[in-house]
Amino acid sequence: MANYMGRVSKLSFVVPNITKNGWRTLSTTPASWQKKTVADKTGKNIVLVDGVRTPFLTSGSDYSRLMPHELARHSLVSLLRKTGVDKEIIDYIVYGTVIQEVKTSNIGREAALSAGFSTKTPAHTVTMACISSNQAMTTGIGLIATGTYDVVVAGGVEFMSDVPIRHSRKMR
């Protein structure tokens, strides 16, 4: 089994499909993505606008001096650069991670702050084994569907170079 780090998957803007109401779109999204929508209670579609990811690398290699929130920060900054979306319109940020390390208790919040987001932009981290980034996306969709927020960034980060390795009491 290969031990990979730097897996930032499914980092994406999830926003209401505002083109039907005569508003502008936030990004040029491939037509095939536009068809995969979820309607909220008002009948508006919620769409995935765009995404980025960092390269897979083996544990202990090029990213070994980074912390998970720093890796996530790179993906946040890259997503903003790629889409041209102003960070001021982002209402919420949610990240998923499988292995939470003690130095960064809220990767989503730390990544947002280090990427230059306002302290008023809420962010949280989901930890749910292998489905964490998917749960982050589901949370973003839920926040939009309920009308709580309009623009959410959802993503996931894993960083295997600095995970806490647990041993039995006997080994300790």
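The values are calculated or read from the model by the stated rules, or taken from the named source; none is laboratory data. Nothing here was measured: the structure is a model prediction, and the numbers come from that model. Reconstructed Cβ throughout: ideal geometry from the backbone, glycine too, with neighbour counts over all protein chains shown. Ligands, DNA and RNA are stripped out before the accessible areas are found, and what is left, the full protein with its side chains, is counted by its heavy atoms. Shrake-Rupley method; radii C 1.70, N 1.55, O 1.52, S 1.80 Å.
Structure above, values below:
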quantity: Accessible area (Å², per residue) of segment 86-156, counting only protein heavy atoms and a probe of 1.4 Å; calculated: 44 Å²
quantity: Ranking by accessible area, most exposed first, for GLU101, GLU88 with a 1.4 Å probe; calculated: GLU88, GLU101
quantity: Solvent-accessible surface ranking, highest first, for ARG73, ARG53, ARG65 at 1.4 angstrom; calculated: ARG65, ARG53, ARG73
quantity: For peptides 102-108, 152-158, sequence by mean Cβ density within 10 Å, most packed first; calculated: 152-158, 102-108
quantity: Gyration tensor verdict on segment 62-127 (Cα atoms; rounded if a/c is under 1.5, prolate if a/b is larger than b/c, oblate otherwise); calculated: oblate
